[in-house]
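These notes are about the structure you will find just below.
The values are calculated or read from the model by the stated rules, or taken from the named source; none is laboratory data. Note that this is a predicted model, so its numbers are computed, not measured. Glycine also receives a Cβ, built like all others from the backbone with ideal geometry; neighbour counts cover every protein chain displayed. Heads up: the accessible areas ignore ligands, DNA and RNA and are worked out on the full protein's heavy atoms, side chains in. Shrake-Rupley method; radii C 1.70, N 1.55, O 1.52, S 1.80 Å.
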Amino acid sequence: MKKLFILGGLLCLFASCSKYQYGTLNSTNAVKNEQSGDFIVENDTLAIVYRFKGENAPLNIQIKNKLNEPLHVDWRRSALIVGDKAVVYADNKISIQGETFSQSSYGSFSRLDDSKSRSGTLAATANLPENDSFIPPHSTIERTLLKLSDTLLSLPKGKFHQVQMYSLNGEVVYNVKSAVFTRENSPLVFKSYLTFYTENGKEAKGFPVQQEFYLSQLVQTGQKGQKSEFNPGNRSDIFYTSKTTGYAKTMTFIGAGLFIGAAGALADKDTNTNKQK
């Protein structure tokens, strides 16, 4: 039984082999709060806060209306721009879930014995005409729009350099691969284009606000969760992505077979032992 536990432990170890990348973002025209990592854009009309913290860099926007009149965000004319490709922020789809019931009958009248009824679950998507956010005077809205990345970034050979990761108390944790970028050589540069408008009677007065962001550092490691200089925790300018390695997938499959086989062998051995007694 002890051998079985050891083999099970090795299986768990193989299953945990993954790669993690921690990305740090910067901006060319938004002010970064060095304490929180928030990206802030502010003028006499509004204040915008961008946050990207978490898995796969969820793009979270907080908008405050500083005017004495309502302010609108036109999501149909707002987008994330990467290179020459734009992804419109408008998301006019809603998920519908529920139960359905239908009944059909033969003839003019329905009876229990000559009718058919069906019930089940419903899962569908409906389009809604909600492409505009209304912000009352001196109030704030918040919206998470999309995720920037769901996979590891691939870099050319020689871009990564081996460095030591230090914990927040100054101790060396382990070695990691790190790459530092400027705006000019960054592998990820994108813009957020927002369209706002106010209403003066029947006339709508619109204006755009655009910010540019870029990846300034990328750290690759085989471990997750330790707070360090590269991952201090809960910062708005740091995100992470992950991927299970092919080795881990293969070894988990093989290890599972060995684990089941070993369990069966031990079970047979116990059975034979009991018979001998």
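Quick look at the values:
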item	result
Heavy atoms of Val73 accessible to a 1.4 Å probe, total area in Å² rounded to 10	0
Computed FRET value (nearest 0.05) for Gln223 with Asn29, which takes r as the C-beta separation and R₀ as 41 Å	0.75
Sites Ser36 and Thr244 - FRET efficiency at Förster radius 41 Å, r taken between beta-carbons, to 0.05	0.85
Violating pairs (Cα-Cα greater than 26 angstrom) within the set Lys64/Lys85; Lys53/Lys205; Lys157/Lys224	Lys64/Lys85; Lys53/Lys205
Theoretical gain in end-to-end length, Thr151 to Val87 [0.36 nm per residue, Cα-Cα removed]	21.3 nm
Value of relative contact order over region 22-83, rounded to a whole percent, pairs C-alpha under 8 Å and six or more apart	19
Gained length - Phe134 relative to Val180, 0.36 nm times residue gap less alpha-carbon distance	12.6 nm
Computed lengthening from Thr144 to Ser18, 0.36 nm per intervening residue step minus Cα-Cα distance	42.6 nm
Protection proxy ranking, peptides 150-161, 234-245, 30-41, 134-145, average beta carbon neighbours within 10 Å, highest first	234-245, 30-41, 134-145, 150-161
Percentage relative contact order, region 132-186, counting C-alpha pairs under 8 Å, at least six apart	22
